[in-house]
Amino acid sequence: MPSLGSTPFVDIFSSPQLVFDRIRAKSLPFWPPLLVVIAVLPAFLAWYFMTVDMSAYMETTLVLADQEMTPEAFDAAMATANIVRIISPIAAPLISLFSYLILATFFFLAATLVAEEKFRFGQFFTLVCWASLPGLLSTLSMAVSYAASPDYVFLNQLDKTNLASLMGLAIGDANFALYASVSIGAIWSYLLYGLGFARITGSSGMTATLVGLIPPAVQFSLIYFL
């Protein structure tokens with residue numbers, strides 16, 4: 001039974017092809033990395049929302065939503081503060097699971113079009129679960145930043161590995177949300193998706209590149225236009 005100290009958790013960072021080969025052979029389960037994500041991200045969010053200054057947080061939220069900072073608007077926002085505290089740690093793993101299912105469905109459908117042999121949906125769901133582990137770098141960065149910060153910091157500003165932080169952007173700057181979504185971990189995971197798809201299906205580098213570019217293109221386009 002895999003554990004945090006077992007080979008796949010190390011190999012996905014150092015030798016991902018070994019993980020992909022095990023997924024192709026159907027000898028690697030999906031649940032170990034999924035459980036890690038489901039445990040780590042909600043734990044951080046629960047810590048953050050139970051200790052952060054919610055009045056400052058809700059005020060920042062109103063600014064990002066381009067809402068006028070009236071006493072009525074602020075009072076209405078504060079009325080939902082406790083709901084945000086409770087819902088955020090619960091919603092995070094559900095959103096992650098939903099996005100994993102969408103990605104796995106996309107790769108499964110793509111494989112039916114470009115691969116010569118048939119593959120199971122579960123193989124691509126397993127690929128997505130393992131290849132998503134580098135995304136935890138953002139959670140680690142946020143946890144360290146929050147622990148080290150003596151003052152209030154908005155959630156989206158805590159990750160020091162995303163482009164918004166690396167470019168020194170502030171909340172309210174143009175395309176802040178877009179740049180904040182592009183982190184080292186996210187890019188790493190998307191690269192692993194493409195590499196894993198190629199390794200598992202045996203498709204060409206060009207095909208795997210085209211397939212691998214579609215999910216991030218869709219994600220970042222939605223963030224930009226919405």
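Residues in the range 58-88 that are hydrophobic (A, V, I, L, M, F, W, C), open to solvent by 30 Å² or more (accessible area, probe 1.4 Å) and more than 19 Å from Ser138 (Cβ to Cβ): Val63, Ala65, Met69, Phe74, Ala76, Met78, Ala79, Ile83, Val84, Ile86, Ile87.
Of everything in the range 89-109 that's open to solvent by 30 Å² or more (accessible area, probe 1.4 Å) and of a type in the set (S, T, N, Q), which residue is nearest to the chain's Cα centre (by Cα)? Result: Ser99. The single condition from (1) assigned to a helix (DSSP H, G or I); (2) under 30 Å from Leu18 (Cα atoms); (3) open to solvent by less than 70 Å² (accessible area, probe 1.4 Å) that Met206 fails is (3). Considered as a group, the residues in the range 86-118 that are of a type in the set (Ser, Thr, Tyr) and in contact (Cβ under 8 Å) with a residue 24 or more places away in the chain include one that is farthest from Gly212 (Cα to Cα), and that residue is Ser88.
Selection of the range 110-133 for residues being open to solvent by less than 60 Å² (accessible area, probe 1.4 Å), at pLDDT 95 or above, outside any helix (DSSP H, G or I) and out of contact with any Pro (no Cβ under 9 Å at 6 or more places or on another chain) yields only Phe119. Inclusion of Ser55 among residues that are open to solvent by less than 60 Å² (accessible area, probe 1.4 Å) and either touching a residue at least 60 places away in the same chain (Cβ under 8 Å) or under 22 Å from Cys129 (Cβ atoms) (or both) is not warranted.
The values are calculated or read from the model by the stated rules, or taken from the named source; none is laboratory data. Bear in mind that the values here come from a model prediction, so they are computed numbers and not experimental data. Virtual Cβ from ideal backbone geometry, glycine too; neighbours counted across all protein chains shown. Just so you know, the surface numbers come from the protein's heavy atoms only, side chains and all, with ligands and any DNA or RNA stripped out. Shrake-Rupley method; radii C 1.70, N 1.55, O 1.52, S 1.80 Å.
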